[in-house]
Every structure is written in structure tokens, then in C-alpha cells.
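Asks: Submitted below is the structure of interest, expressed as C-alpha cells.
None of the figures in this text is laboratory data; all of them are computed from the coordinates on show. Values in this document were obtained by computation on a predicted structure and should not be read as measured data. Every residue, glycine among them, receives a Cβ derived from its backbone with ideal geometry; neighbour counts consider all protein chains shown.
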Amino acid sequence: MNVIELTKKLISLPSYDDGNLYEKPMSDFLVSYVQTRLPWLKVTQQEVAPNRFNVFLQDEGQTRLLIVDQIDTVVPDAGWTTNPLEAIEREGKIFGLGASDSKGNVAALLKALEEIGLTNGLAVLFYVDEEYFFKGMNQFVGSSLAHSIDPSWILSVDGNGSSLGTGCRGLVEFDLELRSASGHSANPQTSGVLRPFLKTLGSFEERLTSYKDDQQGIPTCNVARLQSGLLQREDAVRPDFGEQGNRIPNFLQAKIEVRTTPSLSGKEIELFWRSSLEGSIGLDVSIAPVFDYAGFSTPRSELMKVEQAIASVLGRVDSLDASTFGYLDLSMLAQVYTNARLCSFGIGEPGTNHRANEYVLCQRLEEGQTIYQQIIQNLLMI
């Protein structure tokens, strides 16, 4: 089974949040595959939730290199023109759910490990629930399993574009709820929730410019959800708002997400919002944190062996722009292994992740296998 055939096999294994099996078909296959083809690696299954298992591999040496990747996918949407769980090879591309994100990467890594053979100092973590709530990575970083190793290098192969990532911004998310008295629209400054919210949002976005980072740019703020109005009846699912135009909104709910740079913390963000809003008379403020994850940044000068491996195959090293892409839960590992050098490299196809008719290039799969093999050999001096 070559890397293309293995990618097709992995695509056929459902590993999304179906409320039943979740990633279990994928984790079961990985356990069997490793025990059969990579017998020098000890396999540990770490239960995260029913039918949800991280798969941890470790050779007999003291771990110097930890490689990680997700094994879940998003739920398939309605736009697929083929069966998303039946891989189709056409015009040098493999179409299927997770082909790019990130089953092609998993296949390339497994084949690289087969080619290398016996290692000394390697651990691999395949983890669940990357796409939604980071349950797999959260379970790992808080476990004795994570604290049993102390790697010098951490490589995530969850990536695309055959590009090297040396950092990513942090992720802070919180739910905001505001309540106040209502009033007549002829005097909109006297009460209400919407004006204080908009004023605070504007001030916050202006403040973000002072946290610019040379590598990661300026932090960004996204109001992911917003509803406001004159609350008539409170419902757990959907509040019932009045329709009259002459009343000031007395209720607001919002979900705020901030992509942070190293100098901006979640505590500082919450303090800013709370102090700004609580300065409004008669305003009841509730802030419920959802995520508070720091990012990471590794100087390229510390990744020369990784760059050499990439350049030996591609003839160049392309870099990801940390100011334009999403959060990597690789960052959680930076909080555990504070002296490790972290980076990411993946061969997924840019622009196809989370979309119908997702695909990966066959050429990238073959290149990825060789690059992963060379990175491992360079870092472990095999």
C-alpha cells in the first residue's frame, strides 16, 4: 500500500462528529496499522470521551521529537458531487473528506515512518476533535502521558501548501451578555445596551493596533454572533424581542473572538471589556470565557534542520504568514514544553479545507512522505 492508496483508505474511514462513532474507525485502523507495520512503536490509546481516542506512539528512546496531527474531519456538507467517504482519483488529485485536512498528511507520515524503520527518540500523537473544541489536545496536555516526555522538537503535520509554519496567533473567545433598563428612543443616551457595546467594540479594535507583532501582525477581533433588542420573553434557545421602533434595546448577547499576539493576554482582554462596559450606568455585564489559548513563535534560525529537509525535496522553503491563518492547537504544547522548538508543515491543498470536493495533490503526497522522512532523520540524526 503506497501513500496514495493509504490516503484513499483513510478517507473511507468516517472520523467526524456523528454523535455515535466519532473518530473510532480511524483510531482503530491506526492502532492495527502501527502494530502490524511499525512494531517498534509502543501504542497507547488515550480515551477522551466514548468512542473518542487519542493514539500515542513512542519508541524505546528518550523522546526528542514529537510529531502531532489530527484524525478528525469536519462534518460533510451538502455540496459534495461525489460520496465524500469514497476517494476519487482524477487528474492527479484525490478527492474525499479529509483528503487535505488532514488524512493525506497522516498517510504521508505513516509511510515515511515505514521507510525509516527503527527510530530512537520519536513520539507521535494522533488526536481527536481538532475541528471543534480541541478536546483531544486538551486531554493530552493535561495528562501524565504528556508529562512523561520532554521533547526538544515538536512538528505538526496538520498544514497545507507545503509551507513551513513557525508561529501562530493565540485564540481568545468569550460570550458576552448585557442587560439594562429600556427607555424611549427620543432619549437614546439615557439607557440601553447597544450603544455601550458599539462604543467598547470600537475602542477595543483601536487598542489592538498597539499590540502589533513583527511576525504575527495586529490582533484581530471578530463578532461571531450578535443579537440585541427589547427583551419580551426569555427563551433558552432564542430570546423573544419586541418589534416596536420607539424602545431602546435592553438585552444583548454576543460571541467575541480575538486572535492575539504574544503581548496580549485573555485576562487583559476581559479586563478591558469589563471595565469599559461597567462604566455605563445601570448596565449589567456578564462575560463567560470560552477559550483562552496563547500562540507560539519559533525563530527560523532554530529550524535550520527542518528547512534543509524541505529544501532538499522542493528546492525552496515557503513560509506561512502567521497573520492570516487560524489557530493551531500545536500552541497548547508550547505551554507544556516551554523549551521545545515548534513548527508546522503540511501538504494539504490551500483553499479546499472544510469545503465540498476537498482534494489533495498526488504529487504533494509523495513529496510529503519524502520530506517527513528527511525531517525525522535530520532531527534524530538517523
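Asks: What value, in deg cm²/dmol to 500, does the helix sum -39500 (n - 2.57) over DSSP H runs of n ≥ 4 give at 222 nm once divided by the residues of the chain?
Replies: Theoretical 222 nm ellipticity from helices: -9000 deg cm²/dmol.
Asks: Here is a follow-up. Using alpha-carbon positions, what is the distance between the centroids of region 203-271 and region 98-119, in Å?
Replies: 40
Asks: Further question on the same structure: Using Cα-only point scatterers and the Debye equation, what is log10 of I(q)/I(0) for region 81-239 at each q in 0.08, 0.14, 0.16 Å⁻¹, rounded to two decimals?
Replies: The calculated log intensity ratios at q = 0.08, 0.14, 0.16 Å⁻¹ are -0.50, -1.04, -1.16.
Asks: Along Cα→Cβ, 7 Å out, is where each label goes; now give me the distance between the ones at V336 and D150 in nm to one decimal.
Replies: Each label point is offset 7 Å from its Cα along the Cβ direction, giving 1.5 nm.
Asks: Over the Cα atoms of region 79-163, what is the Rg over Rh ratio if Rh follows Kirkwood? Walk me through the numbers before you get to the answer.
Replies: Working: Rg = 15.9 Å, Rh = 15.5 Å.
Ratio value, two decimals: 1.03.
Asks: Rg and Dmax of region 35-101, using alpha carbons, in Å: what are they?
Replies: Rg, Dmax (Cα atoms, Å): 16.5, 47.
Asks: While we're on this one: Take the Cα coordinates of region 236-365, assign each an equal point scatterer, and use the Debye formula without solvent to give log10 I(q)/I(0) at q = 0.17, 0.19 Å⁻¹.
Replies: So the normalised log intensities work out to -1.11, -1.24.
Asks: Rounded to the nearest 20 Debye, what is the dipole magnitude of the chain about its Cα centre when Lys and Arg each give +1 and Asp and Glu each give -1 at the C-beta?
Replies: Charge dipole of the chain: 440 debye, to the nearest 20.
Asks: Right, something else. Can you tell me what percent of all Cα-Cα pairs in region 143-185 are more than 17 Å apart? Intermediate results must be reported in sequence, preceding the final value.
Replies: Working: 624 of 903 pairs.
Of the Cα pairs, 69 percent sit more than 17 Å apart.
Asks: Now, a different point. Could you work out how far apart the two model spin labels at E91 and W40 are, taking each label as a point 7 Å from the Cα in the direction of the beta carbon, and quote it in nm?
Replies: Result: 4.2 nm between the two label points.
Asks: When each pair of different Cα atoms in the chain is counted once in the 1/r mean, what is the Kirkwood radius in angstroms, to one decimal? Walk me through the numbers on the way to the answer.
Replies: Working: mean 1/r = 0.0442 Å⁻¹.
It is 22.6 Å.
Asks: Taking Rh as the Kirkwood radius computed over C-alpha pairs, what is the Stokes-Einstein D of region 1-57 at 25 °C in a medium of viscosity 0.890 mPa s, expressed in µm² per second?
Replies: On the way: Rh = 12.0 Å.
Value of D from the Cα-based Kirkwood radius: 204 µm²/s.
Asks: Taking the Cα-to-Cβ direction at D77 and at N357 and moving 7 Å from each Cα, how far apart do the two end points lie in nm?
Replies: Rounded to a tenth, the inter-label distance reads 1.3 nm.
Asks: Given the pairs K93/K255; K111/K305; K135/K255; K8/K135, which are separated by over 28 angstrom at their Cα positions? Could the numbers behind the result be given before it?
Replies: Details: K93/K255 38 Å; K111/K305 21 Å; K135/K255 20 Å; K8/K135 26 Å.
Long pairs (Cα-Cα over 28 Å): K93/K255.
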